[in-house]
Amino acid sequence: MKTYFVDSFTNEKFKGNPAAVCLPNSELDSKTMQSIATEIGFSETAFIKQISDNVYSIRFFSPKTEIPLCGHATLASSKIVFDTTSFENIKFINRDNVELFIAKEGNKIKMQFPVYDTQQTEVPQEMSDALGISEILDKRYSPKNNIILIEIKSATELANLKPDFTVLVNSYTGINGVLVTAVSDTEAFDFHYRYFWPWSGTNEDPVTGGVQTFLTKYWVQKLNKTKLNAYQSSARTGTMSTELLDDKVFILGEAVTVLEGELKL
């Protein structure tokens with residue numbers, strides 16, 4: 001099976017978020033795809049299959065479970081399709097029949113994702129302590145993504161967080177992850193964020209595009225502007241631009257292919 005490793009939301013190799021992109025020649029069952037994703041060990045592995053012309057099915061697996069929607073693995077998959085075909089636009093359809101429209105835009109790739117609302121929630125003290133947060137400015141929950149959002153006051157504090165993941169995963173049950181965000185302290189970006197998800201994936205996702213389905217709208221309302229630049233302050237770092245338009249969010253980013261090979265099934 002043709003397989004690629006792609007670093008997403010960066011223009012530098014070994015930065016951003018690595019994703020595996022697999023192109024099965026025949027149907028694979030969920031157990032096999034999960035085993036492959038666990039073997040590779042990236043935060044996500046995408047499996048794409050051409051349905052017709054420029055339309056592809058796409059499924060995402062973390063090392064632990066199937067994920068309905070993933071931004072960086074969609075970007076990685078788009079990079080491979082654009083590099084291996086003459087398409088200028090493509091459409092992915094995920095397991096929930098959500099249509100993701102993708103287009104080339106210069107050296108970047110523009111992805112159209114749905115927008116989801118958040119609601120006020122409570123965060124237990126054990127979670128705050130495990131994350132190492134001193135003060136919380138806002139606490140939200142995204143029901144569609146099953147993710148808790150926490151805003152803190154400082155991008156510097158955010159970058160310096162060193163969570164105790166054993167305590168963190170035991171501080172809350174039944175969620176996919178917790179996202180911590182702060183307004184940017186530089187003119188180059190509008191907000192910073194980090195995403196921790198030991199419940200369903202790795203301890204920390206290096207760069208996360210899928211959370212923009214609710215995070216962009218959150219910061220649009222806070223900053224009163226519809227076009228934003230985001231910085232993920234993980235160890236590998238990553239950047240992207242987003243734009244909110246009605247019930248859609250557009251995510252703009254770059255990707256670099258670092259490996260091409262064949263996986264033996």
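Every residue, every condition in (1) open to solvent by 30 Å² or more (accessible area, probe 1.4 Å); (2) farther than 25 Å from Glu262 by Cβ; (3) within 20 Å of the chain's Cα centre (by Cα), yes or no:
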position	(1), (2), (3)
Tyr56	no, no, yes
Pro68	yes, yes, yes
Gly71	no, yes, yes
Ile80	no, no, yes
Phe92	no, no, yes
Asp96	yes, yes, yes
Answer yes if at least one residue in region 184-199 is aliphatic (A, V, I, L, M) and within 19 Å of Val220 (Cα to Cα), and no otherwise. yes
Being under 19 Å from the mean Cα position of the chain (by Cα) and either surrounded by 20 or more Cβ atoms within 10 Å (Cβ to Cβ) or over 15 Å from Ser200 (Cβ atoms) (or both) is the filter here; which residues of region 154-175 pass it? Leu158, Ala159
Write out, first by first residue and then by second, each pair whose Cβ atoms fall under 9 Å of each other, whose residues are 6+ apart or on separate chains, and whose first residue, in region 34-50, is touching a residue at least 60 places away in the same chain (Cβ under 8 Å) while the second is open to solvent by 60 Å² or more (accessible area, probe 1.4 Å). Ile36/Leu265
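Filter region 9-30 for residues that are hydroxyl-bearing (Ser, Thr, Tyr), within 23 Å of the chain's Cα centre (by Cα) and open to solvent by 20 Å² or more (accessible area, probe 1.4 Å) and give the result.
Initial filter on region 9-30 (hydroxyl-bearing (Ser, Thr, Tyr)): 10, 26, 30.
Now restrict to residues that are within 23 Å of the chain's Cα centre (by Cα): 10, 30.
Matches in region 9-30: Ser30 only.
Can you give me the ranges of the strands (runs of 3 or more DSSP E) entirely in region 1-87 with at least 2 residues that are β-branched (Val, Ile, Thr)? Before you say what the answer is, go through the steps one by one.
Values: elements: 2-8, 17-23, 44-52, 55-61.
Passing ranges, in order: 2-8, 44-52, 55-61.
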Can you say whether Val6 is surrounded by 15 or more Cβ atoms within 10 Å (Cβ to Cβ) and among the aliphatic types (A, V, I, L, M), as far as the supplied structure shows? yes
For the list (1) open to solvent by 40 Å² or more (accessible area, probe 1.4 Å); (2) more than 17 Å from the chain's Cα centre (by Cα); (3) closer than 27 Å to Phe196 by Cα; (4) of a type outside the set (Val, Ile, Thr), I need the number of the one condition that Met33 fails. (1)
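The values are calculated or read from the model by the stated rules, or taken from the named source; none is laboratory data. What you are looking at is a predicted structure, and each value in this text was computed from that prediction instead of being measured. Every residue, glycine among them, receives a Cβ derived from its backbone with ideal geometry; neighbour counts consider all protein chains shown. Surface accessibility is based on the protein's heavy atoms, side chains included, excluding ligands, DNA and RNA. Shrake-Rupley method; radii C 1.70, N 1.55, O 1.52, S 1.80 Å.
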